[in-house]
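**Student:** Structure provided below as C-alpha cells; questions to follow.
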Amino acid sequence: MNRPIFIVGFMGSGKTTLGKKIAAAMGRTFIDLDHEIVAHIGMSIPEYFKAFGESNFRELEREFLRKQKGNNAIISTGGGTPCFFDNMQWITQNGLALYLEHSPKSLWSRLSQSDVNKRPVLKGLNGEELLTFIETKLEDRAPFYNQSQLKVDQMHTSIEQIVQLIN
Ligand code: S3P
C-alpha cells in the first residue's frame with residue numbers, strides 16, 4: 001500500500017518549499033494541506049478563522065488530513081496539524097512524518113520576513129513579542145513534532161540526504 005510522507009513543523013519552517021523539492025527528487029506528487037482546505041472553503045485561512053473560528057478550522061484540517069490515507073504523495077501539513085486531536089498518531093500510523101526542525105530564533109527571523117497577517121495564529125505579532133510567542137508555542141508543539149520518524153535540520157541536510165533517509 002502507498003504511504004504518504006508528511007512534512008511537519010512550525011509555521012515558517014519551509015515545509016512547502018522542502019516538500020516540493022522532495023517530491024521533485026522522488027518523482028512523487030506534492031500536496032499542500034492548507035491549499036487543499038483553502039480550495040474547498042473558497043476563502044483564505046484568516047478569513048475562515050474570522051468567520052467560523054479556529055475550532056472549525058481544526059475539524060476541517062482533521063478531515064482533510066485523513067483524506068490522504070493511501071496517497072503516495074509528499075504532503076506539507078499546517079504548523080498546527082499534528083497538535084490537534086490524535087492527528088500525530090494518525091500521521092505516524094498511516095505515513096512517514098518528517099520534522100523540519102528549527103530553533104525559535106531561526107523561526108523568528110524567517111517569520112519576521114513574512115506577512116504575519118497571513119497566519120491568524122500569530123495575531124499580527126512582531127519583534128520581541130513574536131519571539132516570545134514562538135518560544136512558548138514551540139514548547140507546546142515540539143512534543144508532537146518530535147514523534148516524527150525522521151527529523152531534519154535543513155541547514156545541514158541536503159535534499160539528496162533527505163531522500164536517502166526516506167528510502
Ligand atoms: C497554523 C499554521 C498555518 C495554517 C494555519 C494555522 C498553525 O500553516 O495551517 O494558519 O496553527 O500553526 P503554515 O504552517 O503553513 O503556516
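Read-outs: derived from the displayed coordinates by stated rules, not from any lab. No experiment lies behind these values; they were computed from the predicted model shown. No Cβ is skipped: glycine too gets one built from the backbone with ideal geometry, and neighbour counts run over all protein chains shown.
**Student:** Considering every residue within the stretch 62-80, establish whether at least one is farther than 22 Å from Thr29 by Cα, within 16 Å of the chain's Cα centre (by Cα) and not polar (S, T, N, Q).
**Tutor:** yes
**Student:** Further question: Based on this model, can you work out whether Leu100 counts as within 17 Å of Gln149 (Cβ to Cβ) and crowded, with 21+ Cβ neighbours inside 10 Å?
**Tutor:** It is true that Leu100 is within 17 Å of Gln149 (Cβ to Cβ) and crowded, with 21+ Cβ neighbours inside 10 Å.
**Student:** Moving to a separate point now. For the stretch 64-97, what are the residues that are among the β-branched types (Val, Ile, Thr), more than 10 Å from the ligand (Cβ to nearest atom) and buried (at least 23 other Cβ atoms within 10 Å of the Cβ)?
**Tutor:** If the condition is that a residue be among the β-branched types (Val, Ile, Thr), more than 10 Å from the ligand (Cβ to nearest atom) and buried (at least 23 other Cβ atoms within 10 Å of the Cβ), then Ile74, Ile75, Ile91 are the ones that fit.
**Student:** Where the second residue is in a helix (DSSP H, G or I) and of a type in the set (Ser, Thr, Tyr) and the first is closer than 17 Å to Leu165 by Cβ and in contact (Cβ under 8 Å) with a residue 60 or more places away in the chain and lies in the stretch 8-32, which pairs have Cβ atoms under 8 Å and are six or more apart or on separate chains?
**Tutor:** Matching pairs, first to second residue: Val8/Thr81; Val8/Tyr145; Gly9/Tyr145.
**Student:** Now for a separate question. Out of everything in the stretch 90-105 that is in a loop (DSSP other than H, G, I, E, B) and over 13 Å from the mean Cα position of the chain (by Cα), what residue ends up being farthest from Asp34 (Cα to Cα)?
**Tutor:** Here the answer is Ser103.
**Student:** Give the residues of the stretch 113-129 that are within 14 Å of the ligand (Cβ to nearest atom) and either surrounded by fewer than 13 Cβ atoms within 10 Å (Cβ to Cβ) or farther than 20 Å from Cys83 by Cα (or both), sorted by residue number.
**Tutor:** Gln113, Ser114, Asp115, Val116, Asn117, Lys118, Lys123, Gly124, Leu125 - these are the residues of the stretch 113-129 that are within 14 Å of the ligand (Cβ to nearest atom) and either surrounded by fewer than 13 Cβ atoms within 10 Å (Cβ to Cβ) or farther than 20 Å from Cys83 by Cα (or both).
**Student:** Have a look at Asn2, Asn56 and point out the one that is more than 12 Å from the ligand (Cβ to nearest atom) and out of contact with any helix residue (DSSP H, G or I) (no Cβ under 8 Å at 6 or more places or on another chain).
**Tutor:** Asn2
**Student:** For the list (1) in contact with a helix residue (DSSP H, G or I) (Cβ under 6 Å, 6 or more places away or on another chain); (2) of a type in the set (Gly, Ala, Ser); (3) touching a residue at least 24 places away in the same chain (Cβ under 8 Å), I need the number of the one condition that Ser148 fails.
**Tutor:** (1)
**Student:** Also: In the stretch 5-35, how many are within 11 Å of the ligand (Cβ to nearest atom) and at negative phi?
**Tutor:** Summing the residues that are within 11 Å of the ligand (Cβ to nearest atom) and at negative phi in the stretch 5-35 gives 13.
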